[in-house]
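Colleague: Encoded as structure tokens, here's the structure I'll be asking about.
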Amino acid sequence: MKHRYPLLWLALHRRRRMLVALLIGMAVFETLIVVITVTVSPQEIFAGGGRQPPGAFKAFSGSTGDVSIASYPGLLGGGLVHPFWIALQLTVIGSLAAAAVAADVESGTIELLMVRPISRNRLLAERTAALALASVALNAVATAVVAIGVVLSPRLHQAVSLSGVFVAGLLGLAFTLCLAGPALAVSAATSRRAYVIGATISFGAVGFAVNFVALAWSKAAGLRFVSPFHYYTPGDALAHGTIPWGSLAVLTAVGALGTAAAFRLLARRDLAP
């Protein structure tokens, strides 16, 4: 297998230490979220305010509906849309997307690759697959930890179904692929890895900020549709256990369009550094 897809396995091998650290970090973080949720009830956490958190706090539980962060699905959903969760995902996307094209152009090693019998499409396809595999692994770890917590805790299991956990994980993967597509397009179009990493961080940070503002300010409510966080709703998935096909389709379509744009841009560009 490694001989058939050398660029894919090389991309993962070069970042193996980073990926292992991120996987461990994700497992530890989600374990912490589960332990906190089981140990301290949502009512106790938010009892000091005397009322339910504002509606804009749905952004912190991954909900656009009736799921409050002051609930078991809300707290677990908060662990799947927490800034730390987002940072780990963006690290994988930014690093592997930058390595897809831009890093080799910047360092000049792209010329060594192109003199071999490797097409541009194959180069991008294998490195896109490496990014996808890394995203799958990271989301699988988060989903597995939450699922184990739900199975081991009767209180959590009453409020959250296992099907909801797996739907949340599926949405998480679609969300990361949604950001990965545009990041790959930036990598295929530029010659600096910093541009790719900066664009990836911007997609995540700006997207979250836009969704929060749209939930907090009624006059900006229409802006929520341009944010990927409007479609990534782990809190709703954990509470209801049903697949939001419309949101899943939007996230997947954006990722697919971004990836398709990356192939087109790479085919047309000059690869000179």
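The values are calculated or read from the model by the stated rules, or taken from the named source; none is laboratory data. Keep in mind that what you see is a predicted model, and the values were worked out from it rather than measured. When we count neighbours, we look across all protein chains shown, and the Cβ atoms used for this are built from the backbone with ideal geometry, even at glycine. Note: accessible area is taken over every heavy atom of the protein model, side chains too, but ligands, DNA and RNA are not part of it. Shrake-Rupley method; radii C 1.70, N 1.55, O 1.52, S 1.80 Å.
Colleague: Look at Thr252 and say whether it is crowded, with 22+ Cβ neighbours inside 10 Å and within 30 Å of Ser119 (Cβ to Cβ).
Modeller: Values: crowded, with 22+ Cβ neighbours inside 10 Å: no; within 30 Å of Ser119 (Cβ to Cβ): yes.
Taking the combined requirement at face value, the residue does not satisfy it.
Colleague: Modelled with pLDDT of 80 or more, touching a helix residue (DSSP H, G or I) at 6+ places or on another chain (Cβ under 7 Å) and open to solvent by 60 Å² or more (accessible area, probe 1.4 Å): does that describe Thr39? Quick ask: steps written out before the conclusion?
Modeller: On the way: modelled with pLDDT of 80 or more: yes; touching a helix residue (DSSP H, G or I) at 6+ places or on another chain (Cβ under 7 Å): no; open to solvent by 60 Å² or more (accessible area, probe 1.4 Å): yes.
Taking the combined requirement at face value, the residue does not satisfy it.
Colleague: Any idea which residue in the stretch 224-273 is modelled with the lowest pLDDT, counting only those that are more than 30 Å from Val146 (Cα to Cα) and in a loop (DSSP other than H, G, I, E, B)?
Modeller: Once the filter is applied, the top-ranked residue is Pro273.
Colleague: While we're here: Is it the case that Ser107 is touching a Gly at 6+ places or on another chain (Cβ under 7 Å), surrounded by fewer than 20 Cβ atoms within 10 Å (Cβ to Cβ) and not hydrophobic (A, V, I, L, M, F, W, C)? Lay out the reasoning, then the answer.
Modeller: Working: touching a Gly at 6+ places or on another chain (Cβ under 7 Å): no; surrounded by fewer than 20 Cβ atoms within 10 Å (Cβ to Cβ): yes; not hydrophobic (A, V, I, L, M, F, W, C): yes.
When the stated conditions are applied, Ser107 does not pass them.
Colleague: Still on this structure, please answer the following. So how many residues does the stretch 114-147 have that are under 24 Å from Pro182 (Cβ atoms), open to solvent by 30 Å² or more (accessible area, probe 1.4 Å), of a type outside the set (Gly, Ala, Ser) and modelled with pLDDT under 95?
Modeller: Residues flagged as under 24 Å from Pro182 (Cβ atoms), open to solvent by 30 Å² or more (accessible area, probe 1.4 Å), of a type outside the set (Gly, Ala, Ser) and modelled with pLDDT under 95 within the stretch 114-147 amount to 3.
Colleague: With the requirement that a residue be more than 18 Å from the chain's Cα centre (by Cα), in contact (Cβ under 8 Å) with a residue 40 or more places away in the chain and part of a loop (DSSP other than H, G, I, E, B), what does the stretch 67-98 give you?
Modeller: Val67, Ile69, Ser71 - these are the residues of the stretch 67-98 that are more than 18 Å from the chain's Cα centre (by Cα), in contact (Cβ under 8 Å) with a residue 40 or more places away in the chain and part of a loop (DSSP other than H, G, I, E, B).
Colleague: From the list Val105, Val145, exactly one residue is outside any loop (DSSP other than H, G, I, E, B) and over 26 Å from Leu32 (Cβ atoms). Which is it? Spell out the reasoning first.
Modeller: On the way: Val145 fails: over 26 Å from Leu32 (Cβ atoms).
Val105 is the lone residue from the list that is outside any loop (DSSP other than H, G, I, E, B) and over 26 Å from Leu32 (Cβ atoms).
Colleague: Would you confirm whether any residue within the stretch 216-225 is farther than 24 Å from Thr31 by Cβ, crowded, with 22+ Cβ neighbours inside 10 Å and of a type in the set (Lys, Arg)? Can you show your working first?
Modeller: Narrowing the stretch 216-225 to residues farther than 24 Å from Thr31 by Cβ: 216-225.
Next cut, crowded, with 22+ Cβ neighbours inside 10 Å only: none.
Checking the stretch 216-225: not a single residue is farther than 24 Å from Thr31 by Cβ, crowded, with 22+ Cβ neighbours inside 10 Å and of a type in the set (Lys, Arg).
Colleague: May I pose another question? Given Val213, Val150, which one is surrounded by fewer than 19 Cβ atoms within 10 Å (Cβ to Cβ) and either part of a helix (DSSP H, G or I) or among the charged types (D, E, K, R) (or both)?
Modeller: Numbers: Val150 fails: surrounded by fewer than 19 Cβ atoms within 10 Å (Cβ to Cβ).
Sole residue among the options that is surrounded by fewer than 19 Cβ atoms within 10 Å (Cβ to Cβ) and either part of a helix (DSSP H, G or I) or among the charged types (D, E, K, R) (or both): Val213.
Colleague: Right, another one. When you look at Ala130, is it in contact with a Leu (Cβ under 6 Å, 6 or more places away or on another chain), within 22 Å of Ala262 (Cβ to Cβ) and part of a helix (DSSP H, G or I), yes or no? Break it down into steps so the answer makes sense when it comes.
Modeller: Numbers: in contact with a Leu (Cβ under 6 Å, 6 or more places away or on another chain): yes; within 22 Å of Ala262 (Cβ to Cβ): yes; part of a helix (DSSP H, G or I): yes.
The answer is yes for Ala130.
Colleague: Separate question: Given Phe208, Phe175, which one is in a helix (DSSP H, G or I), surrounded by 17 or more Cβ atoms within 10 Å (Cβ to Cβ), modelled with pLDDT under 95 and within 17 Å of the chain's Cα centre (by Cα)? Break it down stepwise before answering.
Modeller: Numbers: Phe175 fails: modelled with pLDDT under 95.
The conditions single out Phe208.
Colleague: Ser163 - would you say it is farther than 20 Å from Ala87 by Cβ and of a type in the set (S, T, N, Q)? Steps first, please.
Modeller: Working: farther than 20 Å from Ala87 by Cβ: yes; of a type in the set (S, T, N, Q): yes.
Yes: the conditions hold for Ser163.
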